[in-house]
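Everything below concerns the one structure shown next.
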Amino acid sequence: MSENNKAVVLLSGGLDSVTALAIAQSQGYECYALSFRYGQRHEAELIASQRIAKTMNVKHHHIIDLDLSLFESSALTNHSIAVPTEQSNQIPVTYVPARNTIFLSVALGWAEVLDATAIFIGVNAVDYSGYPDCRPEFIQAFQSMCNIATKAGIEGQGVKIHTPLINMTKAQIIQCGLKHKVDYSLTVSCYQATQDGLACGQCDSCQLRRQGFVDAGIDDPTKYQ
């Protein structure tokens, strides 16, 4: 790692993103957390992100308002579409078009402003919902774009995209986080949680999270409705 040890961490308030934050901190990075209010179904995950940022002493936490209601094909941005409770072999309706591309682009801009050399994102391509922007191919393509589309990439060291969880199972992610003293009771993963952060227990995200704790042999701290 270079002498410049700043990192931007995409912090949704969920299980994966807090683990990525903990890993970044364990590697000596001064972390700047970035979250988005993009028209998602509830504020509970953003409240969780604020709680996590404070508890884990990030250098700065910024929540960006970004209206993605135009992307009305997603159940996360169009409340008239029901969140599915059955897993599918196809890309699910909870997929938000180009979401990680947008989020990483904003993170990249902030990283340049901060003169940060790293961006951490908790994408996972093992126990995941099948979103195309969580795969290694996407990250590799975005990294290539970073290298040629930024001043930092042309004139400086550039910004490296870190995906420490991408090849882990959900159980491995949880076990890794616990080694880094992550308090998963602070997190909200549910697609349709109540404003108090109570999880539905039925959506794809809840099912993946719950099975992860079962497979890890760890008590699930999630509060369910």
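Of note:
- Of all residues in segment 44-92 being without any contact (Cβ under 8 Å) to a residue 40 or more places away in the chain and among the β-branched types (Val, Ile, Thr), the one that is surrounded by the most Cβ atoms within 10 Å (Cβ to Cβ): 77
- Within segment 120-133, the set of residues being touching a Phe, Trp or Tyr at 6+ places or on another chain (Cβ under 7 Å) and either at pLDDT 95 or above or among the hydroxyl-bearing types (Ser, Thr, Tyr) (or both) comprises just one member, 131.
- Filter result for residue 41 (within 28 Å of residue 81 (Cβ to Cβ), among the charged types (D, E, K, R) and modelled with pLDDT of 95 or more): no
- The number of residues in segment 144-178 that are part of a helix (DSSP H, G or I), of a type outside the set (A, V, I, L, M) and closer than 18 Å to residue 9 by Cβ comes to 3.
- Cβ-Cβ contacts under 9 Å between residues 6 or more apart (or on different chains), taken from a first residue in segment 162-190 that is over 19 Å from residue 206 (Cα atoms) and touching a residue at least 24 places away in the same chain (Cβ under 8 Å) to a second residue that is surrounded by fewer than 18 Cβ atoms within 10 Å (Cβ to Cβ) and among the small types (Gly, Ala, Ser), are listed as 180/26.
- The set of residues in segment 187-225 that are more than 24 Å from residue 53 (Cβ to Cβ), in a helix (DSSP H, G or I) and of a type outside the set (D, E, K, R) comprises 207, 211, 214, 216.
- Qualifying residue in segment 129-143 (condition: among the charged types (D, E, K, R), closer than 23 Å to residue 98 by Cα and part of a helix (DSSP H, G or I)): yes
The values are calculated or read from the model by the stated rules, or taken from the named source; none is laboratory data. Since the structure is predicted, the reported quantities are computational estimates derived from the model, not experimental observations. Don't worry about glycine lacking a Cβ; one is built from the backbone with ideal geometry, like all the others, and counts go over all protein chains shown.
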